[in-house]
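The values are calculated or read from the model by the stated rules, or taken from the named source; none is laboratory data. Note that this is a predicted model, so its numbers are computed, not measured. Using ideal geometry, Cβ is built from the backbone for each residue, glycine included, and neighbour counts are taken over all protein chains shown. Note: areas computed on protein heavy atoms with side chains; ligands, DNA, RNA excluded. Shrake-Rupley method; radii C 1.70, N 1.55, O 1.52, S 1.80 Å.
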Amino acid sequence: MKYRILSDEELQHLEGDLKAFLIINGVHAEEWEKLNREEPQKALSLVELFSDQVFQTIYEKVQYLEHRTPASCLVFHFMENEQELIAIQKNPDAGVDLSSTEGIHNALAQHLNQLSIFTSKRAYNQEREQEIHQLIEQGAILSSEEFWKSLREIV
C-alpha cells in the first residue's frame with residue numbers, strides 16, 4: 001500500500017465510488033460477495049487499491065496544509081517540484097497560543113516581538129503526495145491560499 005486503507009466509515013461514504021471501481025475492475029455485486037467469503041485477502045487487496053486511488057486523487061489537489069500547536073504554526077505550500085514552509089514559533093517565555101486562528105491573529109498583531117518567523121523551501125524527498133500524506137498522518141490539516149498569502153505579507 002502506498003498510503004493507508006480507508007476506514008469502514010470512509011468506505012461507507014464512498015460506497016458508490018467503490019461499486020464503480022469494482023465494476024471497472026470486472027467485479028460485480030455477486031462476485032464481490034463471493035470474493036469476500038471465499039478469498040478475503042483478494043477482496044482486501046481490491047479495497048487497498050481503491051484506497052490508494054482515492055488518496056492519490058485527493059492529495060494531487062492539495063496545495064496548502066497547516067499544523068498548529070500552542071507553541072507553533074507551520075504552513076506548507078505544495079508546488080509541483082518543491083514545497084515552501086512558513087513557520088511561526090513563540091519564544092519560550094511568550095504568553096501566546098498559536099493553536100487557534102484567533103491566537104495566531106492576536107500574536108501577530110500584538111506580540112510580534114515574542115515570535116520567531118522563518119521560511120524555507122526544499123525539493124521533495126519522496127513523491128509530493130507521499131509527503132502530504134505523512135504530514136496529514138502527523139496532524140496537519142488543509143489550509144487556504146488566503147492564509148498563506150496573509151502570512152507571506154508579514155514575512
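Structure data summary
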read-out	value
Carbon/sulfur fraction of accessible area - the chain, other protein chains in place, 1.4 Å, %	49 percent
Cut-off of 10 Å, at most 13 other beta carbons, DSSP loop: longest stretch of the chain lacking such GluC sites (Glu not before Pro)	1-79
Over the chain: helical MRE at 222 nm, DSSP H runs n ≥ 4 each giving -39500 (n - 2.57), nearest 500	-15500 deg cm²/dmol
Calculated log10 I(q)/I(0) by the Debye sum over Cα atoms at q = 0.12, 0.18 Å⁻¹ (choose from (i) -0.66, -1.26; (ii) -0.65, -1.02; (iii) -0.52, -1.26), label	(ii)
Inter-centroid distance (Cα atoms) of the stretch 121-155 relative to the stretch 9-48, Å	33 Å
Rounded FRET efficiency, nearest 0.05, which uses the C-beta distance separating Ala29 from Gln130 and R0 of 22 Å	0.05
Per residue value of the accessible surface for the stretch 13-155 (all protein chains in place, 1.4 Å probe), Å²	61 Å²
